[in-house]
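A short write-up of the structure that comes next.
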Amino acid sequence: MRFSGENPAFIKEIQEMPGETQAQATSAESWKHWQEAWKAFYETVSKMWPQARAGMDMQELPAPWFEMMEEVRVKMQMEENTNIDPVTVLKHWYDTSGEKWSKAFGDAIVTKQFVEAMSSVLESYTSFSKMFRRACEVYFSNLQLPTRSDIARLAGLVVNLEEKVDRIEDSLESLGNDSAQVSTGASLQRLEARLGQVESKLERVLAALEKMEKG
Amino acid sequence: MADEQSTAEMQDTLKKYQLGTQLLLEGAKAQTGQSPKEIIWTKNKARLYHYLPTCEQRFPVPILMVYALINRPYILDLMPGNSLVEHLVSLGFDVYLLDWGTPGDEDAYLSFEHYILDYLPRAVKWMLRRSQAKEFTLLGYCMGGTMSAIYAAIFPDTPLRNLVLLTTAINFIPEEMGIYGIWTSAEFLNPDQFVDAFGNVPGEIIDLANRMTRPVANCLGTYITMWNLIMYGRPMETWLAMNKWVNDSVSFPGEAFRQWIRDFYQQNKLARGELRLRGQLVNLERITCSVLSIAGKKDHICTLPQASALMNYISSQDKEFLVLNAGHVGLLTGSGAKKELWSKLGSWLEPRSR
């Protein structure tokens, strides 16, 4: 591949351009270089795949890998658009082989071997984290600095306080309801007493009227 | 002229690569949870939101949404035009959302007892007080659904009119749990080691475990989609919002994690009728209200048998189990959700909320 930057005529042409246009032309040229370089890389790699496949012992690597790679290569070679950027290649690769990879991983991650291995990794990780956390606690305590545990303890006190306020609120509410009932009962009693008084007054009025009628 | 075109093309491509790289390194940023709301109650880190009406309220029965203890609840109100909350409010429902918040180290002791017996009843009380309603609908998503079902079973006298459960696991039989069947088995997973090491189990660990259930699609497919959107100049708002949510995990309160793994995943106590919260037996037969349970055919976190089992345990006469062609999250948001879940929810709730 010959880069046009090596062409003396092109260099002269660039040098004769005004500053801004020169910069633009140079960047356009470097963009072309980038595209060409990528294309060359892509072509080389796509040619290498079948060669690598032919030269290798198939038992060394799983066959599905090559099948997937072959499918991707064929599909990408069928692509009409020659301006293939890395993202397009990645997308082709994913569209072609994503499902197969998903299945391959899906099958692997439910095996007992995988889960056992993950379980050991997690156990080591949690043990290390626990040890590291404790060491940090001790270290900062020795430095007379507040640690996460100290802050958590303090925050815990605030949470407890909030809980107490909630309980007081609940108690006040129920007390409010109870006192509302008491005041309703007292009001009724007062009302009954007044009704009794009105009744006795009415009786006296009636008696007086009867007396007047007789008199 | 050709050079100018080539330069423009280069600059455009470089900008796209810059954007993609930035997203990969810094993570997605998006405005989420934008429906207007007010906080009407708080307790510790929990918040009870009331979504302000945008139209005349047509239904006197308010909806209380309960989210899981992991991830953030704004998936229910992802972004304008792609929000279940916004949709329900626009139909004339009075909508509330209980956000459990982000637990701190001081909350590592919080268990399902605290959340279901202390927090949830108080949230219900404040919601009823605010809405002045006599009955309410409880809508739980994922673990929030399991918590809602337990609440309904423990408090049968609560004025619960409808129980809606989205992708809610009730039965935790290893053979029916897909990949989690082996991952969470007592042989390989000891929740105590996580709680002892971290207090609260870091959200990143929970997130990684969830991603690993579909490693290729979750770790690679998502970013292939991103590059595709960038390179073809397609709208990215939904992808950004979703990616922000996926990476925005919260820690799992230690004690609740221990219970979730041991009592639910490993011992299946809820379905077996052996789950006790502060000594109270959780008997799903005590659920008598109207129940709608919706699950996704492609959901690998809550499989169909795990969700459908509820129908066998409850005493409700009015009950329905619905299967949608969606995954665990796709059921809630996106064009498929609008067509299927949202319309179904609205039509089911409307006659039961009058």
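The values are calculated or read from the model by the stated rules, or taken from the named source; none is laboratory data. Computed from a predicted structure; not experimentally measured. In this analysis, Cβ positions are derived from the backbone assuming ideal geometry, glycine residues included, and neighbour counts consider all displayed protein chains. Accessible surface areas use protein heavy atoms only, side chains included; no ligands, DNA or RNA. Shrake-Rupley method; radii C 1.70, N 1.55, O 1.52, S 1.80 Å.
Here are the numbers for the structure shown:
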| read-out | value |
| --- | --- |
| For B:Y51, solvent-accessible area (1.4 Å; no DNA, RNA or ligand), Å² | 10 Å² |
| Pairwise centroid distance, computed over Cα atoms, of the stretch B:1-54 with the stretch B:245-306, Å | 33 Å |
| Heavy-atom SASA rank of B:K37, B:K298 (probe 1.4 Å, accessible area, largest first) | B:K298, B:K37 |
| Equivalent ellipsoid dimensions for the stretch B:39-181 as semi-axes, Å, which come from the Cα gyration tensor, largest first | 24, 18, 16 |
| Helix B:343-352 vs. chain B, principal-axis angle (Cα, 0 to 90°, nearest 10) | 30 degrees |
| Lysines whose Cα lies under 25 Å from that of A:K211, excluding same-chain neighbours fewer than 8 positions away | A:K201 |
| Top positive-direction residue, dipole computed over chain B with Cβ charges, set B:T225, B:S249, B:M65 | B:M65 |
| Of the GluC sites (Glu not before Pro) in the stretch B:181-283, those whose Cβ has at most 14 other Cβ within 10 Å and which sit in DSSP loop | B:E187, B:E274 |
| DSSP-defined antiparallel bridges as percent of all bridges, the stretch B:212-352, nearest 5 | 25 percent |
| Assigned charges on the beta-carbon of Lys, Arg, Asp, Glu; the stretch B:1-155 dipole about Cα centre (debye) | 720 debye |
| Under the Karplus curve 6.51 cos²θ - 1.76 cosθ + 1.60, θ = phi - 60°, whole-Hz ³J(HN,Hα) for the stretch B:91-105, x wherever Gly or Pro sits | 7, x, 8, 8, 10, 10, 9, 9, 9, 6, x, 9, x, x, 4 |
| Candidates per chymotrypsin sites (Phe, Trp or Tyr not before Pro) in the stretch B:150-233, loop by DSSP, up to 14 other Cβ within 10 Å | B:Y232 |
| Average other protein chain Cβ within 10 Å of Cβ, residues A:101-107 | 4 |
| Size of electric dipole in the stretch A:131-215: Cβ of Lys, Arg +1 and of Asp, Glu -1, about Cα centre, debye, nearest 20 | 180 debye |
| Chain B: calculated mean residue ellipticity at 222 nm from DSSP helix runs of at least 4, using -39500 (n - 2.57) | -10000 deg cm²/dmol |
| Carbon and sulfur %, accessible surface of chain B computed with the full protein complex present, 1.4 Å | 51 percent |
| Cα gyration tensor shape for the stretch B:77-139, rounded if a/c is under 1.5, else prolate or oblate | oblate |
| Area buried, chain B against chain A - accessible surface, total, 1.4 angstrom probe, square angstrom | 3900 Å² |
| Average beta carbon contacts from partner chains per residue of B:4-13, 10 Å cutoff | 5 |
| Among the listed pairs B:K45/B:K297; A:K103/B:K338; A:K164/B:K125; A:K103/B:K339; B:K134/B:K319; A:K164/B:K134, those beyond 26 Å (Cα-Cα) | B:K45/B:K297; A:K103/B:K338; A:K103/B:K339; A:K164/B:K134 |
| In Hz, Karplus ³J(HN,Hα) per residue of the stretch A:116-130 (6.51, -1.76, 1.60; θ = phi - 60°; x = Gly, Pro) | 4, 5, 5, 4, 5, 4, 5, 4, 5, 4, 5, 4, 5, 4, 4 |
| 10 Å Cβ neighbours from other chains, averaged over peptide A:86-94 | 4 |
| Estimated inter-spin distance, A:S127 and B:R276, nm [label 7 Å along Cα→Cβ] | 3.5 nm |
| Angle between chain B longest axis and helix B:120-131 axis [Cα atoms, degrees, rounded to 10] | 80 degrees |
| Listed peptides B:95-107, B:127-139 by packing density, highest first (mean Cβ within 10 Å) | B:95-107, B:127-139 |
| Isotropically averaged projected area of chain B, using the convex hull of Cα atoms (one quarter of hull area), nm² | 19.3 nm² |
| For the stretch B:148-266: span of alpha carbons on each principal axis (Å, largest first) | 54, 41, 30 |
